[in-house]
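Contents: one structure, followed by commentary.
The values are calculated or read from the model by the stated rules, or taken from the named source; none is laboratory data. Quantities reported herein were computed from a predicted structural model and do not represent experimental measurements. Just so you know, the surface numbers come from the protein's heavy atoms only, side chains and all, with ligands and any DNA or RNA stripped out. Shrake-Rupley method; radii C 1.70, N 1.55, O 1.52, S 1.80 Å.
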Amino acid sequence: LAQVAPRRPGRGSGCDGPMNILGRQSGKLNSVVPVVSEDAVGPMTKVVPASSREDEGPGGAQTQARDKELPDENGGPRILASLAIFLACAVPHGLAVGAFSLMGHGMPLYIEVAHVELNLLGDLCAIVALLWLCASFIFDFHRKACSRIPCAGVLFGLIMLAAILKSSHYPWAVVLFTLGLTPAALLEIRVSFCPQVTRTLFYRAVCLSAMLTMLALVISWVYWTFTTDYTSTGAQWSAETQAQLIEDSRPLYDRMWSGGALDYYRDCSGTQAPPADEKLSTEIAGACALAKTVWFVIWVVPFVAIMFSFLIAAFSYLISRLDMDEDCKVVTILKWFICLTASLIMGVYISLYAAGVNVYLASAFLAFFACAMLTVVVYTYKEVSPDVLKQVSHQGIAKHLRNAYSSDWIRAIGIGSVNVMIPIIIVIDRLRQYVRRCRGIAGTEDVHTEHGRMLVGELAKWNWCSVLTKANILGELFFTLVLGGKLTFMLFSWLNVVLEKVQFGLVIVLVFIVGISMFLLPPVPGSAVYIFVGIVIGKQAQNSIGFWPGVVLGSFLGLAGKLAACVGQYCIGYFLGKNVQVQKTIGVDKVPTRAIEQILKQRGLRIGKVAILVGGPDWPTSVTCGILRLNIPQMLLGTLPVFLCSIAPQTLVGALLTLDTSSNADLWSTLQSAATGIAALAQAATSLIAAYEITKTIERDHQALAEPREEHKQVEELTQKQAAYKKAYDEVTKWETLHPWRKAVIGSSAVIQLVVGFVFAADFVLFEPICFRKFQITSDIHAPFVENGLEGNVLNIVKLPVGAVNIIFFAIAVLLHVIHSKDMARAAAARLREQLREPPAAESIAATETD
């Protein structure tokens, strides 16, 4: 399954370390390939430059020959490596199921740690773990093979202890961290013990190990579920199992609330009215939700472990299929970076509006997509260093990928993801270099290490004025989506109450008209409209045609509204497209936009066409179709699959919100969450496919797409006319020459935007929001706060004082951004006037040569 390299003593460490098979020569990767000498006892090594390698990855002639040249006595290490890979997959999953699930000791463990004192001790362990991580980095513990594993063991032990001690408040944390030990262990095995193994062999071994682990978990869970005597029917999810979980977790309810013991049937079942005091009611509701999450996590842990192992197996299988050399590797990584970024941004967009159905589910989605985006940004930056990026071809898809990856928009997204971590990393790197100089191993007098200097040097090349400006724009867009979502929920909630007394036939007509009107507003997503249709039609249908026929009717009504709105949005784009500046703004003469146009002009239900029309944001996608003047019937045909991906699941979710679920509330709640999750993941998946199809089209037809077109001649002329102003604007916004007070204005605006954005985002991850009150589409504006209402005043959606203060600071940030933009525009205009008064350089040179 895997082949390990011979080992030799580590450099200067005095302990055994893995053989380093990668060297750097003239900025290129070189491989040290083992060669078996006829008159030598052990294998020797030789350096193969990157220029002479046919392939560093799977399937290459060099790597295949190297695999065949390994001596037979490596069978022992081969088996050990395979066993290590299997244990890295099996042990964390087994630990998660055995320690934190109903199959093992989950319930007793969660009950024992549900104490305030242990929660504080968990905070202390987390702080110690953070300090240990910083110390390990500063003192280079991770560089030596003999200290890296013990150091990592201490770190993981501290984090695990902190997660266990705080598991009553963060039930998912300890489970996810335990499962996360698998990729961490696999990374250590890959780097330290199997660096010479080809990508195909290693990831095939991981895939097989993960599949075996998943199979063992499935068999164990199914067998235990149907044979255990936990209830009379086993441990299947049922009302009896739920009642037994509640009974077993009674000590948990006794300790979960600081104000006293809770009783599920009295305080948490919803059968009795909550306390009149808003603060007291909120605390009890939060404690009940937390306790319910704990026993539900205990039951569902085996399923989560199974899905996690499946994801590892699927990822490993895809990676093992990649067959690429070093240059192709960079292009492939950049391609997937763009695709994943587009998909994850769409996921964040969908998560903001899932809060209209289930705040906690929206929080989980937002946290997942945000963490995934951070992981993608960090991984790509680590894999694609600036030096390697320069070696990428300046032609074809590589050029566009490099430009997209190096664009200020991507940098602004990175700043929004890791902002505060950048100065922290720089400070820690300086401390690390100081310690190295004290130990006499620094090698240079630089205040930064080699990697730190590379990071600082790369950041110094950025045009921070442009990056911070775009970070402001992204912050303003995020605020618009958050506030627009709240306003949309309140409007639909009001309409839901108004339409209750209207006849069913008239309701259908009004809902259709309202849906089209809302679709024509840019901030309103289709998901909110579909949920609104499901709520109104589903509730009215229960008194006439029945619940399920109402769901079907609402789904087709949502589809009709979507198609009609597409035509309306198309008309908006058609008339806007007559303006040359609008055409230039969307880049009709650019290769990416032309690639989208080429895909959308395909007839029928091609996957790329469907992915763009279904996975893209509703308003921008249809308006762009109008600007490009595409065929309307073909556009509508490509939009039809949205019925299965988004409309039907979300209409069902809205209808379920109006159904009386008191007999089996948890089953219907699970169905709601599942339908919402399916819709969100389908939207993110279609966005990923759309981005992939666009990059594939650019790669295949770049030359044809880049040729000038007669219909875009006016756009090209406008671009040439504005080139002088753009050049002047770029000159006046250079960070090196920007006046300090101008730097302070745009810098202060960006910092405030980031802080405000994080406070707004905290509403999606905290049990109790701090900026906006919990308000869903099914809520009543006139209901009291304890029932998630607004007590008749829509302004009460903002919580005092944090929400109001945050909005004020956001307004200040926007004002500073506007001041900066106006100031830079005036400066650019002044610079352009100066350049026009100066004689062109060519004329000056010609005059000199004539003289």
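When Ser316, Ser748 are compared by accessible surface with a 1.4 Å probe, the order from highest to lowest is Ser748, Ser316. Distance from the alpha carbon centroid of segment 143-179 to that of segment 672-702 works out to 34 angstrom.
Here segment 553-594 is described by how far its Cα atoms reach on the three principal axes: 43, 21, 10 Å, from widest to narrowest.
Compute the projected area of the convex hull of the Cα atoms of segment 132-236, averaged over all viewing directions, and report it in nm² to one decimal place.
Average projection, Cα convex hull of segment 132-236: 9.4 nm².
Return the Rg/Rh ratio of segment 447-533 with Cα-based radii and a Kirkwood Rh. Don't skip to the answer; put the middle values down first.
Details: Rg = 23.0 Å, Rh = 16.7 Å.
Rounded to two decimals, Rg over Rh is 1.38.
Given the C-alpha atoms of segment 220-268, compute the convex hull and give its volume per residue in Å³.
On the way: hull volume 4.0 nm³, N = 49.
Enclosed volume per residue, from the Cα hull, is 81 Å³.
Exceedance of the 25 Å cut-off in Cα-Cα distance is limited, within the set Lys144/Lys166; Lys539/Lys799; Lys590/Lys727; Lys470/Lys727; Lys144/Lys461, to Lys144/Lys166; Lys539/Lys799; Lys144/Lys461.
Under Stokes-Einstein, with the Kirkwood radius over Cα pairs as Rh, the value for segment 120-162 at 25 °C and 0.890 mPa s is 237 µm²/s.
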